[in-house]
Amino acid sequence: MLSRDHYAVLGVPPDADNETINAAFRRLSRRYHPDLNPGDARAKTAFERLQMAHSILTDSRERARYDSEGHSTVKDIEVLTRTSTEVKNETRSYADLFRHLCDSARRAQPKRGRDVHTSVVCRLADSERGRRTTVQVRRLHHCLDCSGTGRLYDGDNAPCSTCIGSGKEVFGRGPLAVAVACGDCSGEGLQAGTACEACHASGLTTRNETLPLQIPAGVQDGQTIRIEGGGHQGRKGSPPGDLVATVSVQSDPRFQRNGPHLVTSVPITVSEAILGARIEVPTIDGTIALLRVPPGTRGGDRLRVRGRGLEMTNGQCGDLIAVIDLWLPDNLDEDARRLIREFGNRTGEPIRNQNERATVNQ
């Protein structure tokens, strides 16, 4: 059937009497009358469809014919053809028809909402055990004013703004013209209520929201966390997208992470390395740990402080690994040099003088 049901255009049931039909016509005419919508081609064509439906349904012979045969009159076809020229203001080609069919196929399948991308900062102290935090996001939700439908239901039915109530879209011209179901109203020809101004008829509005986020144990810098359903809401009941959070693990210049263990450089003096010592080293939680340096420690040796690394999910902690950095004094006076030479002689490791080193290097 080329045209939309005239009863539906007026928003009345098939058994409506003339009084009901006239009342519906007057109500919709006030909305679409050309004098109240100057220069609006869609309103003009919608008004013509209302006039046509009213004239057919209030004429007993025409109404009986329409009810029995269910087809469009010549006048109906003329209005529908004029819709594609006046409203569209261009001839729609068969390429447009192909795009229309593809769009209809895509609309028929639910299209999930887009993902929301955000970032979250994790302290190095929390990176091994993980932690629960929150993120601030701005995402699309169903419009509260229209419940996500895009329209406000006020009891009125109005012709579809795309097909002007015909339920069809025409492609091509003349005898080769093709009419297919309107994609915006699914061939119904009607749109209930009025467009929602809060969401611009999209059914979606943007709101700020605080969402909980669980940073997993052992998280690495740059790792992403995906929360299903935490993204933008899809249109017309389609499922929402996901929340994708990129984790940035704060670095600490004092430590390098090695799983649950932390590696740090600890400078000691020559005397401490030779004689041994107990020195204080900083930890990740801001406290001080006592490190025992055994006598004879060499530069590059790795000493371990148990349980002063990163806390794990089982409540235990990794270790703090101290890499010994042997610190040498920059300025030595002559007495200090004499003592070092004497020390070398006593340990059986005579120190070559600068001239001897220069000779070897040559």
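The values are calculated or read from the model by the stated rules, or taken from the named source; none is laboratory data. Remember, it's a predicted structure, so these values are computed and weren't measured experimentally. With ideal geometry, Cβ positions are generated from the backbone for all residues, glycine too; neighbour counts draw on all protein chains shown.
Couple of notes before you dig in:
- No other residue among Arg292, Arg308 is out of contact with any Gly (no Cβ under 6 Å at 6 or more places or on another chain), without any contact (Cβ under 8 Å) to a residue 60 or more places away in the chain and in a strand (DSSP E or B) apart from Arg292.
- The set of residues from the stretch 290-302 being buried (at least 18 other Cβ atoms within 10 Å of the Cβ) and out of contact with any helix residue (DSSP H, G or I) (no Cβ under 7 Å at 6 or more places or on another chain) comprises just one member, Leu291.
- Here Phe343 passes the criteria (1) over 47 Å from the mean Cα position of the chain (by Cα); (2) surrounded by 13 or more Cβ atoms within 10 Å (Cβ to Cβ); (3) closer than 28 Å to Pro260 by Cα except the one numbered (3).
- Extreme residue, surrounded by the most Cβ atoms within 10 Å (Cβ to Cβ), among residues of the stretch 239-275 that are over 44 Å from the mean Cα position of the chain (by Cα) and of a type in the set (S, T, N, Q): Thr269
- Index of the failed condition, Gly189 passing every other in (1) at positive phi; (2) modelled with pLDDT of 70 or more: (2)
- Complete set of residues in the stretch 276-299 that are polar (S, T, N, Q) and either within 44 Å of the chain's Cα centre (by Cα) or under 17 Å from Glu311 (Cβ atoms) (or both): Thr283, Thr287
- Enumeration of residues in the stretch 13-36 that are surrounded by 15 or more Cβ atoms within 10 Å (Cβ to Cβ) and either modelled with pLDDT under 80 or in contact with a strand residue (DSSP E or B) (Cβ under 9 Å, 6 or more places away or on another chain) (or both): Ala24, Leu28, Arg31, Tyr32
- Of all residues making up the stretch 304-328, the number that are under 16 Å from Asn258 (Cβ atoms) and buried (at least 17 other Cβ atoms within 10 Å of the Cβ): 11
- Of the criteria (1) without any contact (Cβ under 8 Å) to a residue 60 or more places away in the chain; (2) in a loop (DSSP other than H, G, I, E, B), which one Asp285 fails: (1)
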